[in-house]
1. Within segment 241-271, restricting attention to residues that are of a type in the set (D, E, K, R) and out of contact with any helix residue (DSSP H, G or I) (no Cβ under 6 Å at 6 or more places or on another chain), which residue is nearest to Asp330 (Cα to Cα)?
2. Count, please, the residues in segment 114-136 that happen to be touching a residue at least 40 places away in the same chain (Cβ under 8 Å) and within 19 Å of Arg189 (Cβ to Cβ).
3. Across segment 250-276, which residue is farthest from the chain's Cα centre (by Cα) among those that are crowded, with 20+ Cβ neighbours inside 10 Å and more than 24 Å from Ile67 (Cβ to Cβ)?
4. Could you say whether any residue in segment 218-230 is surrounded by fewer than 20 Cβ atoms within 10 Å (Cβ to Cβ), among the hydrophobic types (A, V, I, L, M, F, W, C) and in contact with a Gly (Cβ under 7 Å, 6 or more places away or on another chain)?
5. How do the strands (runs of 3 or more DSSP E) wholly within segment 145-262 filter down when requiring 1 or more residues that are within 13 Å of the ligand (Cβ to nearest atom) and hydroxyl-bearing (Ser, Thr, Tyr): which remain?
6. Quick one: which of Arg234, Arg153, Arg189 is among the basic types (Lys, Arg), within 23 Å of Glu108 (Cα to Cα) and touching a residue at least 40 places away in the same chain (Cβ under 8 Å)?
7. If the requirement is being in contact with a Pro (Cβ under 9 Å, 6 or more places away or on another chain), crowded, with 23+ Cβ neighbours inside 10 Å and at pLDDT 95 or above, which of these qualifies: Val74, Val87?
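The values are calculated or read from the model by the stated rules, or taken from the named source; none is laboratory data. The structure displayed is predicted, hence computed values, not measured ones. Counting neighbours? That spans all protein chains shown, and the Cβs are built from the backbone with ideal geometry, glycine included.
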Amino acid sequence: MPNQLSQEELAAFRASVNRLAKEKLAPMAEEIDEKGEFPWQVLELFRDNDLLGLQFPEQYGGSAAPILATVIAVEEVARYCGNSASVLNVNSLAAVPILLGGSPEQKEKFLPPLARGDLLGAFALTEPNTGSDAAGITTKAEADGDHYVVNGRKCFISNGDLASVFSLFVKTDLQAPGVKGISALLVTRDKDDSPGFSIGRLEKKIGGGPIHAAELIFEDFRVPRSAVLGEPGRGFYLAMQSLDKGRLNIAATAIGKAQGALDLAVDYARRRVVFGKPVAKFQGIQWMLAEMATKLEAARRLTYHAAELLDQGSPEASQAGAMAKLLATDTAMEVVNKALQIHGGYGYMKDYAIQRYWREARLGPIIEGTNEIQKNIIARNLIGRI
Ligand SMILES: Cc1cc2nc3c(=O)[nH]c(=O)nc-3n(C[C@H](O)[C@H](O)[C@H](O)COP(=O)(O)OP(=O)(O)OC[C@H]3O[C@@H](n4cnc5c(N)ncnc54)[C@H](O)[C@@H]3O)c2cc1C
């Protein structure tokens, strides 16, 4: 896929992903959610349709697609199955530090199998005592000859229990202040043979159950020093750059979920008869739907704009990405909430798909930098250093 796509090409790409999601993912979305297990069949489907390495260069098995195309793919998938969108997002976020900081050897070794879905990846930054304050991580990697010895814990790591390749953020220079001593390591795990790297607690979540949030435990885990991604001591910046890209996928997921919820609400309002007429005939319901659609469209356009800025390498991209993540995830919360309200009592019942959208949308304002942190980023860019 060329790096620049015309409007017609983007529309054709959207239509093909929409068809795939509607025909293949929508019918299994409920079962995937109920089961709570990683949907390997979805990974296979994405592999067969070249959706796993969209942003990877072609030499590493990818499509070299613009970020806007990834955003559109994630949006269309999330419209029908939020868990499937997470399959795309988690592998993509794990790969971004390799794309941005990996050596040619690291890219050659890990990107093609990630694009084929032969490997699952995970992005491991958060720790039990440090989420928003990522500079405060304490997992340490101490040099010992040509190895690092890693000790510490990560928590809430999506796909952490199943992944075999990790972008892992650690302190390699314990004396360096703040973010300066943080490095990114490209770490592999073989579940039967990785002494010192084990999986702890799997969280019980209120949504997105099939994508497990795992605790990673490192006890004298040995990693070759050649595993550093980019330069030692620059890992924090690599994490932040990666999240600039990842956030757009979170915004796209939110837009897709909101669109899916709006579709359900319109359909239900047309069919549900109360006081002798479909509730869609009541102006109160019509105005609700109109507001939902309007706010959703504004969030969608801002997200596309942020993706285009990132594609152009614009210095404004980070600011626009933070704004898009903030607006899209907050809007999705409002839209799914109103969509559930339009379903009345049935909306609260597990038999109706809207409850799944409602539970899943709650994650958007929390992950990849909470929305309070997005506001801090936006305000910092406005005000500068004082
Ligand atoms: C389902 C799920 C999957 C996840 N997957 C991953 C993953 O794959 N990899 C990974 O590394 N992490 C992952 N996370 C972690 C996620 O990124 C963090 O939960 C998130 O960054 C918030 O950190 P925290 O939970 O420690 O909240 P805290 O940092 O403890 O924040 C608590 C509250 O204080 C607010 N707050 C904090 N600082 C400020 C401030 N300066 N100004 C204003 N308000 C502030 C926050 O917005 C929040 O409301 C996942 C989390 C969840 C729930």
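1. Asp263
2. Selection size over segment 114-136: 10.
3. Step by step, filter segment 250-276, then rank; the result is Ala269.
4. Scanning segment 218-230, I find no residue that is surrounded by fewer than 20 Cβ atoms within 10 Å (Cβ to Cβ), among the hydrophobic types (A, V, I, L, M, F, W, C) and in contact with a Gly (Cβ under 7 Å, 6 or more places away or on another chain), so the answer is no.
5. 147-158, 165-171
6. Checking each option against the conditions leaves just Arg234.
7. On inspection, the qualifying residue turns out to be Val87.
Results for (1) closer than 30 Å to Lys350 by Cα; (2) of a type outside the set (A, V, I, L, M, F, W, C), shown as yes or no for each residue.
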| residue | (1), (2) |
| --- | --- |
| Lys35 | yes, yes |
| Trp40 | yes, no |
| Asp50 | no, yes |
| Glu58 | no, yes |
| Pro66 | no, yes |
| Ser84 | yes, yes |
| Leu88 | yes, no |
